[in-house]
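One structure below.
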Amino acid sequence: MDNCRKEDWFDRLPVQSQEFLDRHHRPLVTVSYAQSVDGSIATRNREQLQLSSRQSMVLTHRIRAASDAIVIGINTLLADNPLLTVRLVEGPNPQPIVLDSNLRIPLQARLLERTDRRCWLACTDNNNAGRINGIENRGAEVIRCRCDRLDRVDLPNLLQLLGERGIRSIMVEGGSQVITSFIEARLVDRMIITIVPRLVGGLPVFDRPAVGIGSLLRLNPVTYQSCGPDIILWAQPQWQEI
Ligand SMILES: NC(=O)c1ccc[n+]([C@@H]2O[C@H](COP(=O)([O-])OP(=O)(O)OC[C@H]3O[C@@H](n4cnc5c(N)ncnc54)[C@H](OP(=O)(O)O)[C@@H]3O)[C@@H](O)[C@H]2O)c1
């Protein structure tokens, strides 16, 4: 029996994404990832691990279909070469977006072969026109963003640009550096974490000391749901001031 319905929790959300965009001028951000019981999202060498059960993957695809866009980091693209489509359920494919400050994407990446949606590559404004043209000729669309303090894509600027393009909701699927950056920037409105009954000893979701998290981030309200062998944690982050 399918015990992994997304509707229960989504329907109880306090705001809908269009209302959110109108009010905040940025999309609603859902961070979603799978981790082992010991908190690993990949191997220690940053190689892909298939963690989620099929039932959880179906749920993930439902959430994808309910989002306007999916965001991943360039290292996830290099490790997994994903398509980011909705395959396990019926529903629309969200807009794929890759954070790729220096346009490292290989021209043979599978995302560049999609014909239904042009991949959007968010880079910084330090890239030369030749590289941008080469990538756009392969079918992607480059979005130039401001640099953050680490010379990477500035997330508030990216979200503002996505809002201007009418993107109302995004699903951030990883990997660890991208999730850490969204949390550090407090640009997370809800979290969906799939907890898988495995012990891996691999890459933790925070791969560096995350600035300003510590005791300041609580998940509240939080709901747990079983999904095949996995547990799905649905939560809203609650930021506390010192
Ligand atoms: N279990 C799961 O649910 C799950 C989901 C997704 C991925 N993964 C795994 O996670 C691993 C990859 O994670 P990762 O931490 O190595 O890399 P990542 O988070 O996928 O990508 C990080 C890269 O994105 C670019 N980037 C651009 N702007 C950024 C910003 N503001 N903040 C952070 N990054 C930014 C940076 O490269 P530039 O400086 O070159 O732009 C950065 O090195 C893979 O093994 C993958 O399989 C697991």
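Data table
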quantity: Output for segment 87-130, where each listed residue is under 30 Å from Arg62 (Cβ atoms) and touching a Ser or Thr at 6+ places or on another chain (Cβ under 6 Å); calculated: Asn93, Pro94
quantity: Those strands (runs of 3 or more DSSP E) lying entirely in segment 163-242 with at least 3 residues among the aliphatic types (A, V, I, L, M) and either within 12 Å of the ligand (Cβ to nearest atom) or in contact with a Gly (Cβ under 8 Å, 6 or more places away or on another chain) (or both); calculated: 190-196
quantity: Complete set of residues in segment 102-123 that are within 11 Å of the ligand (Cβ to nearest atom) and out of contact with any Leu (no Cβ under 9 Å at 6 or more places or on another chain); calculated: Asn102
quantity: Matching residues in segment 90-101 - criterion: being more than 19 Å from Thr180 (Cβ to Cβ) and within 16 Å of the ligand (Cβ to nearest atom); calculated: Pro94, Pro96
quantity: Residue among Ala140, Ala235 that alone is at pLDDT below 95 and open to solvent by less than 70 Å² (accessible area, probe 1.4 Å); calculated: Ala235
quantity: Every residue from segment 54-79 that is without any contact (Cβ under 8 Å) to a residue 60 or more places away in the chain and within 11 Å of the ligand (Cβ to nearest atom); calculated: Met57, Ile74, Leu77, Leu78
quantity: Residue satisfying condition, being surrounded by fewer than 17 Cβ atoms within 10 Å (Cβ to Cβ), touching a residue at least 24 places away in the same chain (Cβ under 8 Å) and of a type in the set (A, V, I, L, M, F, W, C), within set Ile192, Ile213, Ile170; calculated: Ile213
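Conditions (1) free of Cβ contacts under 8 Å to residues at least 60 places away in the same chain; (2) farther than 18 Å from Gly174 by Cβ, marked per residue:
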residue: Pro82; (1), (2): yes, no
residue: Gln95; (1), (2): no, no
residue: Arg110; (1), (2): yes, no
residue: Thr124; (1), (2): yes, yes
residue: Ala129; (1), (2): yes, yes
residue: Ile132; (1), (2): yes, yes
residue: Asn137; (1), (2): yes, yes
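The values are calculated or read from the model by the stated rules, or taken from the named source; none is laboratory data. Please read these numbers as outputs of a predicted model, since none were measured by experiment. Backbone-built Cβ (ideal geometry, glycine too); neighbour counts: all protein chains shown. Each accessible area value is taken on the protein alone, full model and side chains, heavy atoms only, with ligands, DNA and RNA left out. Shrake-Rupley method; radii C 1.70, N 1.55, O 1.52, S 1.80 Å.
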